[in-house]
């Protein structure tokens, strides 16, 4: 029998908006300039644990961004091509990710009361509320 467990994480809404999608969780930071192919939305960095995974339509959860300010433009480009994540959740966001989410209108939440890296698993259904800084995790259990 499958049951559903809901976890509610509360934090800071950085970019307003609401989105729902399947979680894609990375224990490592992500640089949108270099780690993500802007044409396909696939993580291409050789040493990244999510290499080969598509971020398109996912709730992308990772500790923080890293790298070049070009990353903000890459996020916008991904949005325009339909390959962007539905939402982003960081432990602590930084200006590159925040600026990219603002221009691409992607909900962004950080500073949650629990680590989203530990509380969420890849494949969980996640609802992000950037207006109120709330992340609801709906986890399927067998």
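The values are calculated or read from the model by the stated rules, or taken from the named source; none is laboratory data. Fair warning: this is a prediction, and the values are worked out from it, not measured in the lab. Positions of Cβ are generated from backbone atoms using ideal geometry, with glycine treated the same way; all protein chains shown enter the neighbour counts.
Report yes if residue 36 is closer than 19 Å to residue 105 by Cβ and in contact with a helix residue (DSSP H, G or I) (Cβ under 6 Å, 6 or more places away or on another chain), otherwise no. Considered against the rule, which asks whether it is closer than 19 Å to residue 105 by Cβ and in contact with a helix residue (DSSP H, G or I) (Cβ under 6 Å, 6 or more places away or on another chain), residue 36 comes out as no.
List the number of the failed condition for residue 74; all other conditions in (1) in contact with a helix residue (DSSP H, G or I) (Cβ under 9 Å, 6 or more places away or on another chain); (2) crowded, with 18+ Cβ neighbours inside 10 Å; (3) under 21 Å from residue 117 (Cβ atoms) hold. It is condition (3) that residue 74 fails. Answer yes if at least one residue in region 101-112 is more than 17 Å from residue 18 (Cα to Cα), in contact with a helix residue (DSSP H, G or I) (Cβ under 6 Å, 6 or more places away or on another chain), assigned to a helix (DSSP H, G or I) and modelled with pLDDT of 95 or more, and no otherwise. Checked against the condition, which is being more than 17 Å from residue 18 (Cα to Cα), in contact with a helix residue (DSSP H, G or I) (Cβ under 6 Å, 6 or more places away or on another chain), assigned to a helix (DSSP H, G or I) and modelled with pLDDT of 95 or more, region 101-112 yields no hits at all.
Of the set (1) in a loop (DSSP other than H, G, I, E, B); (2) touching a helix residue (DSSP H, G or I) at 6+ places or on another chain (Cβ under 9 Å); (3) modelled with pLDDT under 95, all apply to residue 1 but (2).
Does region 11-29 include one or more residues that are crowded, with 18+ Cβ neighbours inside 10 Å, part of a loop (DSSP other than H, G, I, E, B) and either without any contact (Cβ under 8 Å) to a residue 60 or more places away in the chain or under 12 Å from the mean Cα position of the chain (by Cα) (or both)? The answer is yes; a qualifying residue exists.
Restricting the first member to region 118-129 and to residues that are closer than 20 Å to residue 13 by Cβ, and the second to residues that are part of a loop (DSSP other than H, G, I, E, B) and modelled with pLDDT of 95 or more, the beta-carbon pairs closer than 6 Å and six or more apart or on different chains are 128/107.
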